[in-house]
Every structure is written in structure tokens, then in C-alpha cells.
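Reading through the C-alpha cells given below for one structure.
The values are calculated or read from the model by the stated rules, or taken from the named source; none is laboratory data. Small disclaimer: the values here were computed from a predicted structure and weren't measured. Counting neighbours? That spans all protein chains shown, and the Cβs are built from the backbone with ideal geometry, glycine included. To get the accessible areas, we keep the full protein, side chains included, count just its heavy atoms, and leave off ligands, DNA and RNA. Shrake-Rupley method; radii C 1.70, N 1.55, O 1.52, S 1.80 Å.
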Amino acid sequence: MAQDKSSLGRLGVVLAAAGSAVGLGNIWKFPYMTGENGGAAFLIIYLACVLFFGVPLMSTEFYVGRQGLKKWPWIRPMTAIFSLLFLSFYLIVTGWCLHYLFHSVVGTLAHLDSSALDSFFVDYVSGAVWLPILWVFVAILLTAIVEFAGVKSGIERVCKVMMPLLFVILIVLIIRGLTLPGSMDGVKFLFEPDFSKVSPKVILNAMGQCFFSLSIGAGALATYSGYMSREQNIVGTVEQVVGIDTIVAILAGVAIFPAVFALGINPSEGPQLVFVSLPSVFNGMAGGYIFQLLFFLLLTIAALSSTISLLETQLNFYVPRLGWKRSTAIIVCSLVVFVIASLAICSTLLFDVLDNLVSIYMLPMGGMIFSVYVGWICPKEDVICQLTPSSGRRSVALCLYGLIRYAIPPIILLIFLNALGVF
Ligand code: TRP
């Protein structure tokens, strides 16, 4: 799928894919989903989904990206459309992050009490539309600038700086959270499971979160693995990317819940957790200004490394397949995405449609197509050899192949039937 095969190093592929995977899903969605779905019990189910569902599915995308699409070439335009729609939705939330980053820098957030924080959020999402549109514009502009610099000097360089920075910020926030009195209740909430909270809905939520967080189903990972050398071990690389993504999600939980509990705030606040509850947590602690700023910087960095991957997935279709110039493709795709996102800002209905379309239908459908293609259409021996070239791990490749071929398609079908309200 690549335009320039030599352009990403071994580490570059891992960091770029991890940059795609680590995003709002880890730092915004994972903590609030954990908060709403019962804490540690959700975490355990999520980890099981990642292992039995995420690792094989990510492997299929890596395989397809490196191998090319000989038999089902239509997957490529399909992923270009999926990533276009997904990016339009994702940019709106990235805009929220930029808005909050700006207001933590200028100090507005530090002066708001909890009810003022609540109206600050509500005013932004349902007030005048020009402001969210402006921030979406800034978000797509930043994304496009990195894309103009290219895959090697743009994406790889940016990810090599952003990913380590992200870890450093997380560690600083964790130390602050854990040193607050009363923080241990938050640690317990995250790590002591209460299985009475588990219901089929919690399991479905964990699966959906797994798709979203690991960037499965929109072709972004396939795009990056197109830059991977033949010798590089697919399963080994997938394990590293999944490992980084999961560690960041858990660390985000450890950074957030102890502080939330220490300041007596309800953990199950839903999507507003990091935008409304967390700023009031920061305002109540010593050094809050700087931690607030670091947190929103973290969120913005994570979001931008994902928007970059979603734009690159579109370029990867228009440039090599349709022969567009890279710069033309960047401008056209950015404009289209900007228009769709702006329309979705003006219409709550369109925003909800996009949100549901992406998370409930598109990503699982993409995952299903990748797994059927790799499990049923591609030659078995080739898949197994490419997943793990070293013979010692053949059994791992065989297990993954079994899951890809027999387990994952029916499970995704169940997810669909459930989403359609069949049961
Ligand atoms: N994984 C990202 C997150 O956690 C979101 C994302 C970026 C994504 N690119 C993707 C999800 C492609 C699915 C497909 O926020």
C-alpha cells in the first residue's frame, strides 16, 4: 500500500502505528467507559477482548497492508471513505481538546468552579458554531502540515517526539494523582473487580472500545504496515503496538481515577469526565494550573497523532491509485473533511449519525472484511509464514489464524445483530 517502501524504519512503523492507536480512545474514552461500566471488571473484559480479538484483527490489517490487495482491491477505496468519515467525527473532538488546551494556557479554566466548568462545556458544544468550527480548522491545519512534510520527515519524526513526550506527561500526572490523600480509592476502583456489574452490554462496550482504541477497521494500520520490510515480524510488531496502546490506556486510568476519587468526584460522568470533572479536580489541587495544561497537551498530542493516520489512509488511496499529487490530495481531503465536520457541528443529528455510523457499524464492518479476506481468501500458508517468520512461533500464528477464520467473523456478526436490535 506504500508509495515509498524504504521510508519508514522498524521503529518508525511501530511508533507511527502506536501514534494512530494511542488517541482520544485511550485518554478520553477508556477512562469514562471504565467509569461507567464498573471499573476493574470492565478493564479485565477489555484486556481479554484485546488479546483474543484485537491482536488477531490488527494482524490481519498488517498482513493486508504489507501484502497488498490482489483479490479484493475494493477494500482500498472503502477504507478511504471510512477514514474520511471517521476523521470528520474525530476532528470535532480534537477541536474540543485544542479549545481546552488554549484555555488552560491562558488560565481561564483555572478560575472556574464546577458549575461554571459545566456551562463552559455546554456553551462550547451547543453554543455559537463558529468557535468549534475554528478549532476544527486548526486541527486539520496542524494535521495537514505534518502530511506536507511527508511520511519520513513528517509522520515518523513527529511520532518519535510525540510518543515519548506523551509517556513523560502521563508519568508526571500519575505521580501527582497518587500523592493526593484519598487517591487509593481510585486505584481500587480501577484494579479491584466487581463482577456483579458485568452484563452483555458491558462486554459489547468493551469490544467496541477495542476496535476504536486499536484503530481497527479503517485501514490506518494497513497504511503504515505498507512501509514495513518483508523481514519484519508482523505478530511481534502487533504485540508492541497493542502493548503500547494498552499500557497508555491503563496509565491514563491511573492518572485520572486516583485524582477523581481524592477530590470526591463521581467517576461515571460519561463523555464529560475529562472535560468537566477533571478540570475541577485540577483546580482543587496544588499546582493545578500546570497539571491541567499538561493534561490537555497530552490529550491534544494523542489526538493529533491519530488524525494524521486517518488523513494518511486517504492519501494512500488517492496518490498511488488515482495518481493525484500528494499536495493536491492533502488539500482536497482536508477541505472535504473540514466541510463534513463543520456540517456535523451545525447539526447535532448529523454528529450523532456520524458517531454511531463510525463506532457501531463502520469499524466492525471493516474488521469483518479484513478477517474474512485474510481467513478465507488469502492462502493459508502465506498468512501463517508472514505472521511469524520464525518457526518457533508457528503455533502462535496458527492460533491467530484459527481465531481470524472461525471466531472473529461470527462474533462481529453478533455485534451487528445486537446493534440492529435483533436481540
Ligand atoms: N485509535 C484511535 C484512538 O484511540 C482512533 C483511531 C485513529 C482509529 N485511527 C483509527 C480508530 C482508525 C479506528 C481506525 O483514539
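In debye, nearest 20, what is the charge dipole magnitude of the chain about its Cα centre with +1 on Lys and Arg Cβ and -1 on Asp and Glu Cβ, if you could check?
Working: 22 positive and 20 negative charges, 290 e Å.
My answer is approximately 1400 debye.
Roughly to the nearest percent, how much of the accessible area of region 90-135 is carbon and sulfur, given a 1.4 Å probe?
The C+S portion of the solvent-accessible surface of region 90-135 is 69 percent.
Report the gain in length on full extension from Ser199 to Ile247: 0.36 nm times residue separation, minus Cα-Cα distance, nm rounded to one decimal.
14.8 nm
In bins 10 Å wide, starting from 0, what share of all Cα pairs of region 338-389 does each bin hold, as a percent?
22, 28, 20, 17, 12, 0
Taking the chain as a Gaussian network, Cα atoms linked when under 10 Å apart, which of Phe351, Phe296, Phe89 shows the biggest mean-square fluctuation?
Its mean-square fluctuation being the largest, the pick is Phe351.
Mean projection of the alpha-carbon convex hull of region 137-180 over all orientations, in nm²?
Over every viewing direction, the Cα hull of region 137-180 projects on average to 3.8 nm².
If you take the Cα Rg of region 168-220 and divide it by 2.2 N^0.38 Å, with N the number of residues, what do you get?
So region 168-220 has a normalised radius of gyration of 1.59.
Could you please state how large a percent of the accessible area of region 150-210 is carbon and sulfur, counting protein chains only and using a 1.4 Å probe?
72
Would you work out the Kirkwood radius for region 301-419? I mean one over the mean of 1/r across all pairs of different Cα atoms, in Å. Before the final figure, lay out the partial values.
Values: mean 1/r = 0.0574 Å⁻¹.
Result for region 301-419, one decimal place: 17.4 Å.
Each label point is 7 Å from the Cα along the Cα-to-Cβ direction; what then is the distance between the points at Met184 and Asn418, in nm?
With each label placed 7 Å out from Cα toward Cβ, I get 3.6 nm.
For region 336-389 and region 175-245, write down the distance between their C-alpha centroids in whole Å.
Between the Cα centres of region 336-389 and region 175-245 lies a distance of 18 Å.
When only Cα pairs under 8 Å and 6 or more residues apart are kept, what is the percent relative contact order across the chain? Show your work: numbers first, answer last.
Details: 625 pairs, mean separation 154.6, N = 423.
For the chain, the relative contact order is 37 percent.
Got a number for carbon plus sulfur as a percent of region 323-423's accessible area, 1.4 Å probe?
74
With a ≥ b ≥ c taken as the square roots of the eigenvalues of the C-alpha gyration tensor of region 95-253, please select rounded if a/c is under 1.5 and otherwise prolate if a/b is larger than b/c or oblate if it is not?
Oblate, since a/c reaches 1.5 and b/c is not below a/b.
Between region 32-86 and region 284-326, what's the alpha-carbon centroid distance in Å?
Answer, in whole Å: 18.
Using the scaling law 2.2 N^0.38 Å as the reference, what is the normalised Cα Rg of region 102-187?
1.50
How many Å² of accessible area per residue for the chain, probe 1.4 Å?
Details: 15760 Å² over 423 residues.
The answer is 37 Å² per residue.
Taking N as the number of residues in region 229-371, what is its alpha-carbon radius of gyration divided by 2.2 N^0.38 Å?
1.35
Put a dot 7 Å past each Cα toward the Cβ at Ala110 and Tyr289; how far apart are the dots in nm?
For the pair Tyr289/Ala110, the computed spacing is 0.2 nm.
For the chain, just list the percent of Cα-Cα distances falling in each 10 Å bin from zero outward, please.
Taking every Cα pair in the chain, the percentages come to 5, 23, 33, 27, 11, 2, 0.
Between Val122 and Ile81, what is 0.36 nm times their sequence separation minus the Cα-Cα distance? Round to one decimal in nm.
11.7 nm
Taking each full run of DSSP H in the chain as one helix, which ones are at least 20 Å long along their axis (Cα atoms) and have mean Kyte-Doolittle hydropathy of at least -1.0?
Long hydrophobic helices here: 75-105, 130-149, 157-178, 234-262, 288-318, 326-346.
In this model, which of Lys70/Lys380; Lys71/Lys152; Lys29/Lys201 are farther than 19 Å apart at the alpha-carbon?
Listed pairs above 19 Å: Lys71/Lys152.
Dipole of region 191-288 (Lys/Arg Cβ +1, Asp/Glu Cβ -1, origin at the Cα centre): which of Pro258, Phe211, Ile244 lies farthest to the positive side?
The one lying farthest along the dipole's positive direction is Phe211.
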